[in-house]
1. Would you point out which residue out of B:208, B:175 is over 17 Å from residue B:105 (Cβ atoms) and of a type outside the set (S, T, N, Q)?
2. From the list B:93, B:127, pick out the single residue that is in a helix (DSSP H, G or I), in contact with a Ser or Thr (Cβ under 6 Å, 6 or more places away or on another chain) and touching a residue at least 12 places away in the same chain (Cβ under 8 Å).
3. Go through segment B:130-170 and count every residue that is farther than 21 Å from residue B:84 by Cβ and not in a helix (DSSP H, G or I).
4. Against the definition (of a type in the set (Phe, Trp, Tyr) and away from every other protein chain (no Cβ under 14 Å)), how does residue A:146 come out, yes or no?
5. In the list A:42, A:24, A:18, A:10, which residue meets the criterion of being touching a helix residue (DSSP H, G or I) at 6+ places or on another chain (Cβ under 6 Å) and among the aliphatic types (A, V, I, L, M)?
6. Might you check whether a residue that is aliphatic (A, V, I, L, M), facing another protein chain (nearest Cβ under 8 Å), surrounded by fewer than 20 Cβ atoms within 10 Å (Cβ to Cβ) and over 19 Å from residue B:6 (Cβ atoms) occurs anywhere in segment B:104-126?
7. Collect the residues in segment B:14-27 that are more than 19 Å from residue A:88 (Cα to Cα) and open to solvent by 10 Å² or more (accessible area, probe 1.4 Å), keeping them in residue-number order.
8. Name every residue in segment A:58-78 that is of a type in the set (Gly, Ala, Ser) and free of Cβ contacts under 8 Å to residues at least 12 places away in the same chain, in order of residue number.
2 protein chains.
Amino acid sequence: MLKFYYAKGACSLASHIALEEAGATYEVERLDLKAGDQRKPAFLKINPKGRVPALLTDKGVLTENPVILGYVAQTFPDAKLAENDDSFAFGAMQSFNVFLATSVHVAFAHNSRPERYADGEEAAKAMRAKAPVALADYFGLIEDQFADGRPFVMGDRYTVADPYLFVFERWLERDGLGQRSDYPKIAAHHDLVAARPAVKAALAAEGDR
Amino acid sequence: MLKFYYAKGACSLASHIALEEAGATYEVERLDLKAGDQRKPAFLKINPKGRVPALLTDKGVLTENPVILGYVAQTFPDAKLAENDDSFAFGAMQSFNVFLATSVHVAFAHNSRPERYADGEEAAKAMRAKAPVALADYFGLIEDQFADGRPFVMGDRYTVADPYLFVFERWLERDGLGQRSDYPKIAAHHDLVAARPAVKAALAAEGDR
């Protein structure tokens, strides 16, 4: 039995949606990041990095969204959440997902968790000022990827890259770092993903609207 | 024919080593980051993000070290550079690689490229001061992973996680952000990896020692 560790409002929503899309049977454990659950010994035994998401499987724990997303796609092949049998196509999807993890999420974190990157209010202010500038670059690149009229990140078919992008499409406005309406194709993607039953189910399970 | 885009001294060394380990036939194109090659139109057509590494395949371009490393392992199975037939084991290796990409590399970048995260000399100074603190945490976690006496990141067998960690083992001292000798198991891992013919070949090809 899979066990999924997440926090409301965190990037773990992407993997939560993927589990719902896959029709997986899984338990959940919700962490309260403000209460510091991620730093308590019980969770550090699951993920010594003290971060969500984490997915406990029969063989051990997987961490990092791109990895959990890829694993769910591969182990629930009937859900067709990735091009599992094409190393290049799977890799291209993961190139996008790792870009979200290393660049887009990191830019958001400079606004929401500046203490991770530097101490002091002056530095925090400077990092918060830069976050929307970096995100404008990144969302511009993503908007370009939709220039050919594709509805989903990788083309005509929904993959696990879509719920991961969806998280940051939400954060852009939630964190006041940009407007989806500045990126019409991204805005349309957000609405398309938001309408999916699995997305609504994951959000409802997290008590997030 | 594969074509590999790299820069001397960049994290692309990890993927370069993997290509050598795989015995792949590939062309290389070396970018001069100080001259801004990564921002020139010719390269932005390959990778609009303007970053190395990038791997041009017959089907298109892959980017991000964890992705290229995984792709090389999967498409050169005889080289046994990953547990390609075990979704969990492959995912566990990628959890490590994505952690290097999202956390370890990002901490180094706050020292070497602070302008990516905030403007101004004060902020740069604060970020440079935090980088070794964050890296001490991360290298501590990695040292713990070797506590069971394993020679390689994932256990008894060398995988593509090893050359990727090797890059940051080198950077720790190159960038003056820590001492490998503070982490005896990591120091031993560095020496074990440095002795491999494929590693020497990639370093020689890059003109890096």
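1. Details: B:175 fails: over 17 Å from residue B:105 (Cβ atoms).
Only one candidate passes the filter, namely B:208.
2. Going through B:93, B:127 in turn, the sole match is B:93.
3. So the count comes out to 4.
4. Values: of a type in the set (Phe, Trp, Tyr): yes; away from every other protein chain (no Cβ under 14 Å): no.
It is false that residue A:146 is of a type in the set (Phe, Trp, Tyr) and away from every other protein chain (no Cβ under 14 Å).
5. On the way: A:42 fails: touching a helix residue (DSSP H, G or I) at 6+ places or on another chain (Cβ under 6 Å); A:24 fails: touching a helix residue (DSSP H, G or I) at 6+ places or on another chain (Cβ under 6 Å); A:10 fails: touching a helix residue (DSSP H, G or I) at 6+ places or on another chain (Cβ under 6 Å).
After ruling out the rest, the residue left standing is A:18.
6. No, the conditions are met nowhere in segment B:104-126.
7. Once the filter is applied, which keeps residues that are more than 19 Å from residue A:88 (Cα to Cα) and open to solvent by 10 Å² or more (accessible area, probe 1.4 Å), segment B:14-27 yields B:20, B:21.
8. Start the filter on segment A:58-78 by keeping residues that are of a type in the set (Gly, Ala, Ser), which leaves A:60, A:70, A:73.
Answer for segment A:58-78, where residues must be of a type in the set (Gly, Ala, Ser) and free of Cβ contacts under 8 Å to residues at least 12 places away in the same chain: just A:60.
The values are calculated or read from the model by the stated rules, or taken from the named source; none is laboratory data. Given the structure is predicted, the values throughout are model-derived calculations rather than measurements. Every residue, glycine among them, receives a Cβ derived from its backbone with ideal geometry; neighbour counts consider all protein chains shown. The area values use the complete protein model at the heavy-atom level, side chains included, leaving out ligands, DNA and RNA. Shrake-Rupley method; radii C 1.70, N 1.55, O 1.52, S 1.80 Å.
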